[in-house]
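Laboratory data are not the source of any read-out in this text; all were calculated from the coordinates shown. In this text, all values refer to a predicted model and were calculated from it rather than measured experimentally. Note: ideal-geometry Cβ built from the backbone for every residue, glycine included; neighbour counts use all protein chains shown.
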Amino acid sequence: MRGMTLVLVGALLSACASQGDTPQQSTQDKTQAVRDFIEVRELAEVDKMASASSDSWTALEERFLLYEGRRATHLVEFARRCFELEDNSRIVADKRWDASYIRARFDTIRGCRIHRIYALTEDEVAELESIGEAPGSRN
């Protein structure tokens, strides 16, 4: 039932996004879709995640990103909109208390303080990557 609800929310957001919404409305819709996903999936919040120099991340929008580590992928929520994810002219040094871990509430990514970190399964990662896209738009 939860999966069906999420698919319905995604389809509705995709339909709204294709009707000429402004970029700000589209970002707000995607932010709400990610928050709905967290609530519906009852994602487990964790205090920290392992970190290494080979890790990568993909911005979902200005408040959320997918952080891909060697062993797991996590959803990261920032305390504020993080414009630095897309604006390379505003890169700020990251704060880390431990080189092996990134911690919520203390550390930063691209200078933006991390508010929450959620553990994800592979299926949840795939769903989050497709939030806001029209059904069938990926090959």
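For region 107-113, just list the computed ³J(HN,Hα) in residue order, Karplus coefficients 6.51, -1.76 and 1.60, θ = phi - 60°, integers in Hz, with x standing in for Gly and Pro.
So the J values, rounded to whole Hz, are 9, 10, 10, 6, x, 9, 5.
Determine, for GLU45, GLU62, the number of other Cβ atoms within 10 Å of each Cβ, and report the residues in order from fewest to most.
Starting with the residue having the fewest Cβ neighbours, the order is GLU45, GLU62.
Enumerate the amide H contacts of HIS115 below 5 Å, restricted to partners 5 or more residues apart or on another chain; note that Pro and chain-start residues carry no placed amide H.
The list, which skips near neighbours in sequence, is GLU77, PHE78, ALA79, ARG105.
Please compute the length gained on full extension between ALA79 and SER130, using 0.36 nm multiplied by the number of residues separating them and subtracting their Cα-Cα distance.
Details: separation 51, 0.36 × 51 = 18.36 nm, distance 2.31 nm.
Extra length available between ALA79 and SER130 comes to 16.0 nm.
Where does each of SER53, SER130 land when they are ranked from fewest to most other beta-carbon atoms within 10 angstrom?
Numbers: SER53 5, SER130 14.
In order of increasing Cβ crowding within 10 Å: SER53, SER130.
Expected output is a single nm value to one decimal: the length gained when fully extending between ASP123 and GLU86, i.e. 0.36 nm times separation in residues minus the C-alpha distance. What is it? Could you put the intermediate results ahead of the total?
Numbers: separation 37, 0.36 × 37 = 13.32 nm, distance 2.58 nm.
Residue separation times 0.36 nm, minus the Cα-Cα distance, leaves 10.7 nm.
Take the Cβ-Cβ distance between ARG70 and GLU42 as r, set R0 to 35 Å, and report the resulting FRET efficiency rounded to the nearest 0.05. Working shown, then result.
Working: r = 26 Å, r/R0 = 0.74.
It comes to 0.85.
Taking the beta-carbon count within 10 Å as an exposure proxy, list HIS115, HIS74 from fewest neighbours to most.
Fewest-to-most Cβ neighbours within 10 Å comes out as HIS115, HIS74.
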